[in-house]
Amino acid sequence: MRIVVAIKQILDPEGITVNRRRERIFINREERIINPADKCALEAALRLKDAHGAEVIALSLGKPAADDALREALAMGADSAVLISDKALAGMDAPTAAMVLARAIERLAPFDLVLAGQTAADTGGDQTAGRLAELLGLPQVLQALELSLDGGRLQVVRLWDGKPVRAAVSLPALVAVSPLAPPARYPHGARIMNAYRQMQVSVWTAQDLGLTPEELTPNIESRGQVFPPERELGTVVEGPPAQMAGEILSLLRMRRLI
Amino acid sequence: MDFTLPKEYELLRRMIRDFARQEIAPLAKRVDVQEEVPREVIRKAAELGMMGVPFPQEYGGMGAGELGYCILMEEIGKVCTSTATVIGAHTGIGAMAIYLDGTPEQKKKYLTPLARGEKIAAFALTEANAGSDAAAIRTRAVRDGDDFILTGSKMFITNGPIADIVSVMAVTDPSLGPRGGITAFIVEMDWKGCSVGKVEDKMGIRGSGTSELIFNEVRVPKENILGQFGAGFVTFMKTLDVGRVSLGAACLGGAQAALERSIQWAKARTQFGKAIVHNQSIQWMIANMATEIEALRSLVYRTAWMVDTGQPFTRYAAMCKLYGSEVASRCISQAVQIYGALGYSRDVEVERMFRDARIAEIFEGTNEIQRIVIASDIMRQEGVRISP
Amino acid sequence: MDLDFLQSLMGGEEMAAAETAYQDIWVVGEVSGEGLTPATRALLGKARDMANALGVYVKGVLFSAPESAGSEMISYGADTVYLLEGAGLESFAVEPYAEALARQIESGRPEIVLFNATSLGGELAPRLAARFRAPLFTHCMDLGIDEAQRALLATVPRLGGEYYEILISPSLRPQFATVEPGVLPAPFADPYRFGSVERVTFDDLPAGRVEMLGPYDDGLPEPPLSRSRVIVCVGRGVQDTEGVELARRLAAKLGGQLAGTRGALDEGWISEEQLVGMAGRTVRPALYIACGVAGAIQHMLGIAKTECLIAINTDPKAEIFPYADLGVVADAKAVLEELNKKLDNTPA
């Protein structure tokens, strides 16, 4: 079984703080990590590999620094890694990025399963998986929590509007793994050493994928950032319990917490 | 001159840091109170290769050298000194002796399961009458045919209660003294005659078991002579030497943790209408701690590099241990001060860290011995011989 | 206004340019037990405002829905509603749904297609967007129109909502967007609004290749407290195990977990794993309800990254109140009881 896992390297959101009053974003600690949902996708692939044997190929579209993300994937147990990196690919928007990834995945055919993280923790983007499924002509299962293989059929526990449900699909298919799926394993130390010292990461350019400049022109623009108002703290209310319960529920509804 | 850490070591550090934070840190208090590092933690660490970091992959190790090992000890030292001590005694001196002076057969038989964490190692040198004066040990190994009969007892042995394989120093010829009269042996604790004696009730690192090891006419085959017969002194000096670097790294971790907690606390604690971090006295304390930690960091990692590149490092290793233990004690004590009364409560990590830190100035060669080692090395270059 | 009628008035060729232009705002709606979902209604209200600014129509789309839902869409602002039905559309399957919607979009050529950011929207929108090589803005917190460029302005959340970015696609059409449920204001229905509901039947849709097998009943493992989104914390102020039980039930209703302070641990009400604070876990939930918690610094250090803190305490001078989004001076146990009662009475 051949599994392609698409991963993205992001700046760790934990190292970023937003000052709402000054309307500025501060990078306190610049650390690059694998997008958490993508790491869950890698873990899902590796669990299938442990249970049934599989070749796991890690794929990433990014800057040269994304090599580290792929080394980490190799250290976790991926068998090979491909980095799509090219100056021509700088500043892509979501539709273009999905198109480039699809082109690369096609080049990795044949494959049985494509896995990707459902959401990017930095941009909040969650359309790539669905776009890939359409471009590759694959059935899709999104928001997946657990995957298991039963004959040639993939059994998936996934979230549907927040509730867990079961789904099944025959391979080949594309599955987007939720960031709420089981967290990824730690990479074994010896494999960390070997991922850098012995293994290779293939690098593909825009030319390798036959991409033209017209295809790569971004179409989406940013019109700037908006900052939510600062949290107002210290409001205190007093009254009979029933009324107080009502106040609390109002706040929860207003904040869309229930 | 490139001071950047090679990428594989950055990833290694991140992996260990995450593991330490998620698997070890939440248990640190329990480890102290229940006086045990859970076997489960050791197993998980072993599964990731953390019990054999410096050893070559052909012997089940991680192949990350002294540099990788110092990274491990720093990150674990940040969250739990007891766990760092268990791993340190196991990897840094117990298994290390076999790595440095073992035959290929001994490495295959003993180093491999130790590197994989399948068995636990200890290093047995100290006795009731032989602490700093290591050459005064009295445990006897008497030749009997091809074997040796080992009789005696060792004291204050880290991992004593849980060790499977122990590197033991014994007198093989009382007339020769340390030069020629002491031999190192690899002893399996499930052999007849081996037992664990008194377990120490310690001020700190209470999760690390420290005990007496008793050898009552234990038959040790000649295949288990570690290093040259009669050259045990050299074996144990070599081992303790390199062990000091990673001990310095563990102290670095403790000091760093103290600094981070001090900053976190100073930002949160308000007195006289503002966070205490705005007091100049607190800022100076933080600056002093940070400066010493940077100096220690440079010292430790440069020394690790010297070890990995085959350069002489004895003096610098002693400095790592000497300076590391003192910086850790100072920083942690300072952290307790910054916490104020709360720093004295067992609810707070720095209280435990304070008790845990004290031993570093004493074991693995007291800081007085370290000063002698440093001075001797300096004087040797000056053509002056110092005797301890 | 019927475009075809205009065309016939003004002659075929001059309108050729208009024929290829994308126009109108579509809303792909969802139906629950009582008609349109509240999110669909809100989306229609917004679509109506934007359509008025652009001078175009609002068209609704529903899958396998009753006529009444179509009428409801009209009352909330749609001019035309397409009820898509046929073999394969009886229950959600992304491939036949996407195909049906795509064909409808091809013939109708909307400039903007809006979905709710529900699982349905999340499944359909990316596939449609890829199919039309079109932009998609997901989880929008607000929508607007740039009149100069006649384009959608989408406000999307970044870093989990710590700030927002406004995006625009000046030229590509259609523009797809999914909107976060509950962010748009509830609109008013106008039962006298005029519009048409059309049934569109498909008989040759591709089969869906994903089989939906029903709810997963075995229960998923609880995340560790440090990853919990909702936490209800008990301090000594909940008084007794009854209070703790009320807190536990509230946590369950809110899809969260129970935690406690050092005081609660000492009373034996919680386990060590549930302790939050300096000596316990550090948490970062979206919601933290502190019941009978004084707010000593040892505890507060553990919850510094809470997004919304609600504190209930009988002492108006409790240390925790200055740090809370809402402080309630009342008996925690009594309020917990009321909260549980009210949540039991609210329909899901």
So in the stretch A:163-177, with the set limited to residues that are in contact with a helix residue (DSSP H, G or I) (Cβ under 9 Å, 6 or more places away or on another chain) and more than 8 Å from every other protein chain (Cβ to nearest Cβ), which one is farthest from C:Ala93 (Cα to Cα)?
A:Val177
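Can you give me the number of residues within the stretch A:127-159 that are in a loop (DSSP other than H, G, I, E, B) and at pLDDT below 95? Write out each step before concluding.
Residues of the stretch A:127-159 in a loop (DSSP other than H, G, I, E, B): A:127, A:137-139, A:151-152.
If we keep only those that are at pLDDT below 95 too, we end up with A:151-152.
The total comes to 2.
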Pairs only if they're at least six apart or on different chains, beta carbon under 6 angstrom, first in the stretch C:178-197 and closer than 22 Å to C:Gly122 by Cβ, second among the aromatic types (Phe, Trp, Tyr) and buried (at least 16 other Cβ atoms within 10 Å of the Cβ); list them, first residue then second.
C:Thr178/C:Phe115
Hey, A:Ala173 crowded, with 16+ Cβ neighbours inside 10 Å and touching a residue at least 24 places away in the same chain (Cβ under 8 Å) or not:
yes
For the stretch C:145-154, indicate whether the set of residues that are on the phi > 0 side of the Ramachandran plot and more than 8 Å from chain A (Cβ to nearest Cβ) is non-empty.
yes
Of all residues in the stretch B:116-136, how many are within 23 Å of B:Tyr99 (Cα to Cα) and either modelled with pLDDT under 95 or β-branched (Val, Ile, Thr) (or both)?
4
For A:Ala190, indicate whether it is modelled with pLDDT of 95 or more, buried (at least 24 other Cβ atoms within 10 Å of the Cβ), under 30 Å from B:Gly52 (Cα atoms) and more than 18 Å from the chain's Cα centre (by Cα).
no
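Residue check: is A:Leu145 over 18 Å from the mean Cα position of the chain (by Cα) and either touching a residue at least 60 places away in the same chain (Cβ under 8 Å) or facing chain C (nearest Cβ under 7 Å) (or both)?
On the way: over 18 Å from the mean Cα position of the chain (by Cα): no; either touching a residue at least 60 places away in the same chain (Cβ under 8 Å) or facing chain C (nearest Cβ under 7 Å) (or both): yes.
Considered against the rule, which asks whether it is over 18 Å from the mean Cα position of the chain (by Cα) and either touching a residue at least 60 places away in the same chain (Cβ under 8 Å) or facing chain C (nearest Cβ under 7 Å) (or both), A:Leu145 comes out as no.
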Of the residues C:Glu198, C:Glu111, only one is surrounded by fewer than 16 Cβ atoms within 10 Å (Cβ to Cβ) and farther than 18 Å from A:Thr123 by Cβ; which?
C:Glu198
Just wondering, is there one or more residues in the stretch C:66-75 that are over 27 Å from C:Arg173 (Cβ atoms), in contact (Cβ under 8 Å) with a residue 40 or more places away in the chain and part of a loop (DSSP other than H, G, I, E, B)?
no
Given the options C:Leu136, C:Leu120, name the one that is surrounded by fewer than 24 Cβ atoms within 10 Å (Cβ to Cβ) and either at pLDDT 95 or above or more than 9 Å from every other protein chain (Cβ to nearest Cβ) (or both).
C:Leu120
Name every residue in the stretch B:224-251 that is charged (D, E, K, R), out of contact with any Phe, Trp or Tyr (no Cβ under 8 Å at 6 or more places or on another chain) and either over 13 Å from B:Asp101 (Cα atoms) or assigned to a strand (DSSP E or B) (or both), in order of residue number.
B:Arg244
Hey, could you check the stretch C:323-348 for residues that are within 7 Å of chain A (Cβ to nearest Cβ) and more than 31 Å from the chain's Cα centre (by Cα) and say which is surrounded by the most Cβ atoms within 10 Å (Cβ to Cβ)?
C:Ala330
Is it fair to say A:Met244 is surrounded by 13 or more Cβ atoms within 10 Å (Cβ to Cβ) and within 14 Å of chain C (Cβ to nearest Cβ)?
yes
Going through the stretch C:170-192 in order, the residues found to be among the hydroxyl-bearing types (Ser, Thr, Tyr) and more than 9 Å from chain A (Cβ to nearest Cβ) are C:Tyr192
Within the stretch B:274-292, is even one residue within 21 Å of the chain's Cα centre (by Cα) and of a type in the set (A, V, I, L, M)?
no
Report, by residue number, each residue of the stretch C:142-169 that is in contact with a Pro (Cβ under 6 Å, 6 or more places away or on another chain) and either in contact (Cβ under 8 Å) with a residue 12 or more places away in the chain or surrounded by 19 or more Cβ atoms within 10 Å (Cβ to Cβ) (or both).
C:Gln149, C:Ala151, C:Tyr164, C:Ser169
Taking into account only those residues within the stretch B:75-100 that are farther than 17 Å from B:Glu364 by Cα and assigned to a helix (DSSP H, G or I), which is farthest from the other protein chains (Cβ to nearest Cβ)?
B:Leu100
Leading residue by the ranking (farthest from the other protein chains (Cβ to nearest Cβ)) among those in the stretch C:201-220 that are surrounded by 15 or more Cβ atoms within 10 Å (Cβ to Cβ) and over 24 Å from A:Val157 (Cα atoms):
C:Phe202
Any chance C:Arg229 is facing another protein chain (nearest Cβ under 10 Å), over 20 Å from B:Asp347 (Cα atoms) and in contact with a Gly (Cβ under 7 Å, 6 or more places away or on another chain):
yes
Based on this model, can you work out whether B:Gly310 counts as outside the structural domain of B:Lys78 (by TED's automatic domain parsing), surrounded by fewer than 14 Cβ atoms within 10 Å (Cβ to Cβ), assigned to a helix (DSSP H, G or I) and at positive phi?
no
Looking at (1) surrounded by fewer than 22 Cβ atoms within 10 Å (Cβ to Cβ); (2) under 18 Å from B:Gly243 (Cβ atoms); (3) under 17 Å from the mean Cα position of the chain (by Cα), which one does B:His90 not meet, given that it meets all the others?
(1)
Condition test on C:Thr155, is it in contact with a Phe, Trp or Tyr (Cβ under 9 Å, 6 or more places away or on another chain), part of a strand (DSSP E or B) and within 18 Å of C:Pro110 (Cβ to Cβ)?
no
Residue under evaluation A:Ala195, criteria (1) at the interface with another protein chain (Cβ under 8 Å from one of its Cβ atoms); (2) within 24 Å of A:Leu132 (Cβ to Cβ), criterion not met:
(2)
Exclusive hit being within 12 Å of chain B (Cβ to nearest Cβ) and within 20 Å of C:Arg227 (Cβ to Cβ), set C:Gly255, C:Gly260, C:Gly280
C:Gly280
Candidates B:Met62, B:Met50 - the one that is under 19 Å from the mean Cα position of the chain (by Cα), at pLDDT 95 or above, facing chain A (nearest Cβ under 10 Å) and more than 21 Å from B:Gln256 (Cβ to Cβ)
B:Met62
Report every pair of residues separated by at least 6 positions or lying on different chains whose Cβ atoms are under 6 Å apart, first residue within the stretch A:233-258 and among the hydrophobic types (A, V, I, L, M, F, W, C), second in a loop (DSSP other than H, G, I, E, B).
A:Met244/C:Ala330; A:Leu252/A:Ile258
Restricting the search to the stretch B:127-160, which residues are assigned to a helix (DSSP H, G or I) and crowded, with 21+ Cβ neighbours inside 10 Å?
B:Gly160
Some residue of the stretch B:258-266 being assigned to a helix (DSSP H, G or I) and over 26 Å from B:Gln337 (Cα atoms)
no
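The values are calculated or read from the model by the stated rules, or taken from the named source; none is laboratory data. Worth saying up front: this structure is predicted, and the values here are computed from it rather than measured. Ideal geometry is used to build each Cβ from the backbone, glycine not excepted, and the neighbour counts take in all protein chains shown.
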